[in-house]
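So the structure is just underneath, and the comments pick up after that.
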Amino acid sequence: MARGHHDIGGLPGGGPIDQSRHELSDWEILADAVNQALGARGVKRTDEMRRAREEMDSSGYRDMTYYERWIASIETILVEKKILTKDEIDRKLAELDSKWGEP
Amino acid sequence: MNEATGSFKPGDRVKVKFEDRPGHIRTPWYIRGKIGRIERVYGDFLNPEMLAFGRDGLPKKTLYLVAFNHSDVFGKSAGTSDKVLVDIYDHWLEPTA
Amino acid sequence: MSEDHGHEHPKHELSYYAKRIYAIRDLLLEKGVITEKDIQCQIEYQEARSPANGAKLIARAWIDPVFKQRFIADPKAACAEMGIDATAINEFVVLENTEKIRHMVVCTLCSCYPRPILGRPPDWYKSFNYRQRAVADPRGVMCEFGLELPDDVEVRVHDSTADIRYIVLPLRPRGTEGWSEKDLAKLVTRDSMIGVMNALPAIPEEFQ
């Protein structure tokens, strides 16, 4: 076992704090709301989401943005609980992709 | 706050267990094996280590606010009385002299 | 929720996971796991939460010492008194700054923050650099935010690893005697309630 990739308190090499802020995109607001809605409905707990992020691939953890990590963990937990399957999500995404298309 | 079934009281000197086990652990690596003092007893809470895997989180565990001298945790410290305070569950603590 | 915002990236340009949440949302709605209303309610709930809530509490605590004691002893009840809905917080603790003790809050393991009162945390609070450095070098972090403290002040960094959510009660700025609650609240910044900065000064430093 080793220290988890999320367990970073006190690790050396931390750089300056970037104090810039960004307005949330629609997809980030949606990720936040879906996460909260699933919690409010008792479908999943915050502890499960944290554990999903801890279990994800370490390079993914460092490279993804904050809400991308949330979305990855929402998917992991929904699939684990057999509420959705990865295939279904892939198929739905392909549908949306063709709808959105290149202008 | 909640009822507290754990045995530690404010002022008790405690050592954070140095365990390295899998699962969803909320005791940060940097504080494991360190010695501090119980500052507050927050009461009993469902165990997040179990909740993270869809289990009911029982039996509840007592949660404490534990204060550590900053220099004991991280070595040198600019302010000699600086502290690090961490919320730690009963089963991660052991009494120490 | 509206799909089109003038300033948004076209959806086909979004990243892999950004696109994926739309697919997940659609499937969850189709299967009745959540409803459109659930999503809208959460968006509105989150928009209603901001540092202004915290600023109101802090300003009232500065003016009214009896309220301050209630706020420290039972923060959720004090919120209810002021019409601030803190029910979603499991437990809530107020960390009172004094001339000799200053507090700072971090969640090194993820990004726990008193969202039901203060809204979403700032990006920097969730950043790896803050999470790594806040416990090891709180004074260095404070310096970056413009706050330098003498060695005889005790800095207490709280790592909120469990269900307790912390809010710092910053020191009341000098020269604010007789100020209204409304004007005092304007001096209470989100960053001062996390503890990396003081509240804003009443008078610009060059005139003090």
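The values are calculated or read from the model by the stated rules, or taken from the named source; none is laboratory data. Keep in mind it's a predicted model, so treat the numbers as computed, not measured. All Cβ positions, even for glycine, are placed from backbone atoms using ideal geometry, and neighbour counts span all protein chains on display.
Looking for something closer than 16 Å to A:Val34 by Cα and in contact (Cβ under 8 Å) with a residue 24 or more places away in the chain - is there at least one such residue anywhere in the stretch C:1-18? Yes: the stretch C:1-18 contains one or more residues that are closer than 16 Å to A:Val34 by Cα and in contact (Cβ under 8 Å) with a residue 24 or more places away in the chain.
Yes or no: the stretch B:18-39 includes at least one residue that is in contact with a His (Cβ under 9 Å, 6 or more places away or on another chain) and without any contact (Cβ under 8 Å) to a residue 40 or more places away in the chain. No, the stretch B:18-39 contains no residue that is in contact with a His (Cβ under 9 Å, 6 or more places away or on another chain) and without any contact (Cβ under 8 Å) to a residue 40 or more places away in the chain.
For the stretch B:47-97, name all the residues that are in a loop (DSSP other than H, G, I, E, B) and buried (at least 20 other Cβ atoms within 10 Å of the Cβ). Matches in the stretch B:47-97: B:Asn47, B:Ala52, B:Ser77, B:Asp82. Residue-level check: of (1) modelled with pLDDT under 95; (2) in a helix (DSSP H, G or I), A:Gly13 misses just (2).
For the stretch A:58-77, residues that are in a helix (DSSP H, G or I) and more than 7 Å from chain C (Cβ to nearest Cβ) total 12.
In the stretch C:75-94, the count of residues that are closer than 16 Å to C:Arg172 by Cα and outside any helix (DSSP H, G or I) is one or more. Scanning the stretch C:164-178 for residues that are touching a helix residue (DSSP H, G or I) at 6+ places or on another chain (Cβ under 8 Å) and not in a strand (DSSP E or B) gives C:Pro170, C:Arg172, C:Thr176. Checking each residue in the stretch C:151-180 for being in contact with a Gly (Cβ under 6 Å, 6 or more places away or on another chain) and at pLDDT below 95 picks out only C:Asp151. Restricting A:Asp87, A:Asp32, A:Asp97 to those that are part of a helix (DSSP H, G or I) and more than 10 Å from chain C (Cβ to nearest Cβ) reduces the list to A:Asp87. Being out of contact with any Leu (no Cβ under 6 Å at 6 or more places or on another chain) and more than 12 Å from chain A (Cβ to nearest Cβ) is a description that applies to C:Ile164. Residues in the stretch B:10-33 that are of a type outside the set (Val, Ile, Thr), within 11 Å of chain A (Cβ to nearest Cβ) and in a loop (DSSP other than H, G, I, E, B): B:Glu19, B:Asp20, B:Arg21, B:Pro22, B:Gly23, B:His24, B:Arg26, B:Pro28, B:Arg32.
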